[in-house]
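Notes follow the structure.
Derivation of every value follows stated rules applied to the coordinates shown; laboratory data play no part. Here the structure is a predicted model, which means the values were calculated and not measured. For neighbour counting, all protein chains shown are included, and Cβ atoms are generated from backbone atoms with ideal geometry for every residue, glycine included.
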Amino acid sequence: DAKTTQPNSMESNEEEPVHLPCNHSTISGTDYIHWYRQLPSQGPEYVIHGLTSNVNNRMASLAIAEDRKSSTLILHRATLRDAAVYYCILRDVLSGNKLVFGAGTILRVKS
Amino acid sequence: GAGVSQTPSNKVTEKGKYVELRCDPISGHTALYWYRQSLGQGPEFLIYFQGTGAADDSGLPNDRFFAVRPEGSVSTLKIQRTERGDSAVYLCASSLNGGLRGETQYFGPGTRLLVL
């Protein structure tokens, strides 16, 4: 599975937008970009995923670079409940049953 | 509806003992996954079941670890001769079909295992 690179930690103020970057320069044409997050003392939960086009859902937006070598998870208005570890994961559509997690980005939200 | 449940939530055992960790997936989900998470790290894949069979056990660290899913629903992760290095949170996840298009995995809260 291709590797991803994320900042170790980021900080945001409550009610402000948050942009969480992810680099995946070795992404292949069959890799989907998935984001999961893990709140304290819980299992990971799905956030969003995409292939080439930008994606929006009720939780977040995913902006994918034109060359697909990077992507950004956007939380439009951070709340205290968004404080979590965010994982950017590449999943090969041909063999992507398991999730390969990196260390993720710890997001801290200040009130 | 009910999510993925795992029991026990916490388990303390002594080095050398045998432990069993249980996972109840979401009803109707045919795919089940086990992961292990050490402190400060992301979860690490252990094994994936499609129905009753282990479709991918490449993440099991050694032969002390074994998992079963005899009826295609509940799964048990078994660890023999536990070592202190086995201390971690063991996470279970399930997905509807385990299909190749990378469908969403739903995680349980985990079992925190401490080996003294």
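Observations, loosely collected:
- Net charge of the neighbourhood of B:Y106, taken over other residues with C-beta under 15 Å away and scored Lys/Arg +1, Asp/Glu -1, is -1.
- Net dipole in debye of chain B [+1 Lys, Arg Cβ; -1 Asp, Glu Cβ; about Cα centre; nearest 20]: 320
- If you take the Cα centroid of the range A:58-111 and the Cα centroid of the range B:1-16, the two points sit 27 Å apart.
- Per residue of peptide B:34-46, the mean number of Cβ atoms on other chains within 10 Å of the residue Cβ is 4.
- Relative contact order computed over chain A (Cα-Cα under 8 Å; 6+ residues apart), in percent: 37
- GluC sites (Glu not before Pro) within the range B:65-113, DSSP loop, no more than 14 other Cβ atoms inside 10 Å: B:E71, B:E83
- As a proxy for reagent exposure, ranking B:S94, A:S53, B:S87, A:S28 by other Cβ atoms within 10 Å from fewest up yields A:S53, A:S28, B:S87, B:S94.
- q = 0.18, 0.27 Å⁻¹: log10 I(q)/I(0) that the Debye formula gives for the range A:25-93, counting C-alpha atoms only: -0.67, -1.26
- Taking B:Q80, B:Q105, B:Q41 as the candidate residues, the one with maximal mean-square fluctuation in a Gaussian network model of chain B, Cα springs under 10 Å, is B:Q41.
- Test item: A:35-47 mean partner chain Cβ contacts at 10 Å: 5
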